[in-house]
Amino acid sequence: MKWESKLIKHKGAFRIGIIFKKNTELIARIKTVDGSRWSQSIGVWHIPDTEENRIRFKIPLHHQTVPSEEGIASIEKFKQWLLSKRYSSSTIKTYSEALKSFLIYYREKPITEITNEDVIVYNNDYILKNNLSASYQNQIVNAIKLFFQTIRNTKMVVNKIHRPKRAKLLPNVLSKEEVKAILNAHSNIKHKMMLSLIYSCGLRCGELRVLKPVHIDSKRNIVLLKNSKGQKDRIVPLSPFILEMLRDYFKIYKPKTYLFEGQNPGELYSEKSLQSVLKQALQKAKITKPATLHWLRHSYATHLLESGTDLRYIQELLGHSSSKTTEIYTHVSTKSIQQIKSPFDDL
């Protein structure tokens with residue numbers, strides 16, 4: 001069985017890619033590795049870039065793989081500080097890993113001696129040289145700014161740490177016909193119900209997974225979303241058609257704790273399984289676009305805008321803190337653009 005391994009960048013982070021021709025035995029072995037994932041976009045299996053995995057898959061080791069003792073202790077204090085500020089567990093993990101990368105780079109330097117110039121050097125010599133994304137760089141900056149707010153004696157001037165220039169990327173949107181094909185692809189009512197609820201309410205993946213039956217208010221035709229991104233509650237309208245689907249779903253599955261549960265009662269439905277549900281729907285609908293669950297949320301917002309819904313209401317429905325975040329959907333709405341006549345038609 002021939003295979004090769006190499007470092008790859010996937011979604012802004014380094015991973016170890018394992019490349020081989022399709023082989024059921026090798027796939028089964030890769031699946032036993034903690035954190036293994038299949039990437040449809042680049043067509044390889046990939047695993048976390050850890051020292052253990054580098055040794056196992058014959059990748060040269062980092063010169064430094066851990067921060068200094070001072071760095072390790074500081075990261076732990078930083079985690080405790082974030083926890084006390086009630087940051088979500090995912091944000092704490094993201095920021096502490098980002099800070100770890102920065103402190104590994106300056107392993108030999110006392111933290112109190114790190115300056116703003118060091119941040120610029122790190123961005124140029126590590127982030128840019130390794131072609132890491134602007135969003136990853138922004139995570140690093142967020143982590144550094146928050147971390148140095150907790151340090152009393154420091155040479156760092158927090159408010160002068162600059163951020164990368166953001167790329168002005170448009171959200172990916174599916175047509176109504178494509179959405180309909182995706183939602184109708186599954187005969188399994190649970191799978192169909194999950195995708196339909198994400199689109200009809202503009203939900204994030206995490207918001208759907210933690211929904212509970214009590215959050216469905218059938219009398220007021222609303223869904224209550226608790227502790228969403230930014231620890232904000234919000235309500236979204238519930239379509240009467242979705243309510244009827246939910247009633248049929250309840251009769252069959254009788255959920256206990258969460259609206260959509262895993263294999264065991266009271267267990268969260270896994271994010272990986274939910275992504276797989278969409279992937280299967282795309283295959284059945286013969287849609288080749290690399291759509292993600294978040295595309296359904298983008299499509300919901302764009303279709304609302306095209307049907308005449310005020311942007312301020314869309315902002316509330318999506319739970320955006322700033323109207324600028326919502327305004328990006330005006331750039332992908334085709335309702336007005338399609339009415340523009342090309343000068344080519346008059347030639």
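The values are calculated or read from the model by the stated rules, or taken from the named source; none is laboratory data. From a predicted model like this one, the values you see are computed outputs, not experimental measurements. Every residue, glycine as well, gets a Cβ built from its backbone with ideal geometry; the counts of neighbours run over all protein chains shown. Areas reflect the complete protein model, heavy atoms only, side chains present, ligands, DNA and RNA absent. Shrake-Rupley method; radii C 1.70, N 1.55, O 1.52, S 1.80 Å.
State the percentage of accessible surface on the chain attributable to carbon and sulfur atoms; use a 1.4 Å probe and exclude ligands, DNA and RNA.
Summing carbon and sulfur atoms, their accessible area is 52 percent of the total for the chain.
Rounded, prolate or oblate: pick one for the chain, where a ≥ b ≥ c are the square roots of the eigenvalues of its C-alpha gyration tensor, a/c under 1.5 means rounded, and failing that, prolate if a/b is larger than b/c, else oblate.
Details: a/c = 1.58, a/b = 1.42, b/c = 1.12.
Prolate, because a/c is 1.5 or more and a/b exceeds b/c.
When ligands, DNA and RNA are left out and all protein chains stay put, how many square angstrom of accessible area per residue does the chain have with a 1.4 Å probe? Mind showing how you got there, number by number?
Values: 21350 Å² over 347 residues.
Value for the chain: 62 Å² per residue.
Please go through segment 74-103 and write out the trypsin sites (Lys or Arg not before Pro) that DSSP classes as loop and that have at most 14 other C-beta atoms within 10 Å.
Qualifying residues, ordered by number: 85, 86.
How high is the relative contact order of segment 182-273, in percent, with contacts defined as C-alpha pairs under 8 Å that are six or more residues apart? Each step should come with its number before you reach the end.
Values: 108 pairs, mean separation 24.5, N = 92.
The value is 27 percent.
Could you work out the helix-only [θ] at 222 nm for the chain, with each DSSP H run of four or more residues adding -39,500 (n - 2.57) and the total divided by the number of residues, to the nearest 500 deg cm²/dmol?
Taking each H run of at least 4 residues, the total per residue is -13000 deg cm²/dmol.
Which loop trypsin sites (Lys or Arg not before Pro) in segment 1-42, with loop taken from DSSP, have no more than 15 other Cβ atoms within 10 angstrom of their Cβ? If you can, show how the numbers build up before the last one.
On the way: sites: 2, 6, 9, 11, 15, 21, 22, 29, 31, 37; in loops: 2, 11, 21, 22.
Answer in residue order: 2, 11, 21, 22.
Between residue 168 and residue 254, what FRET efficiency comes out of the Förster formula 1/(1 + (r/R0)^6) with R0 = 45 Å and r the beta carbon distance, rounded to 0.05?
Numbers: r = 47 Å, r/R0 = 1.04.
E(calc), rounded to 0.05, equals 0.45.
I want to check the label-to-label distance for residue 59 and residue 210. Put each point 7 Å from Cα in the C-beta direction and report it in nm to one decimal.
Those two pseudo-labels are separated by 3.1 nm.
Longest span of the chain, sites excluded, free of GluC sites (Glu not before Pro) in DSSP loop with at most 14 other C-beta atoms within 10 Å?
109-266
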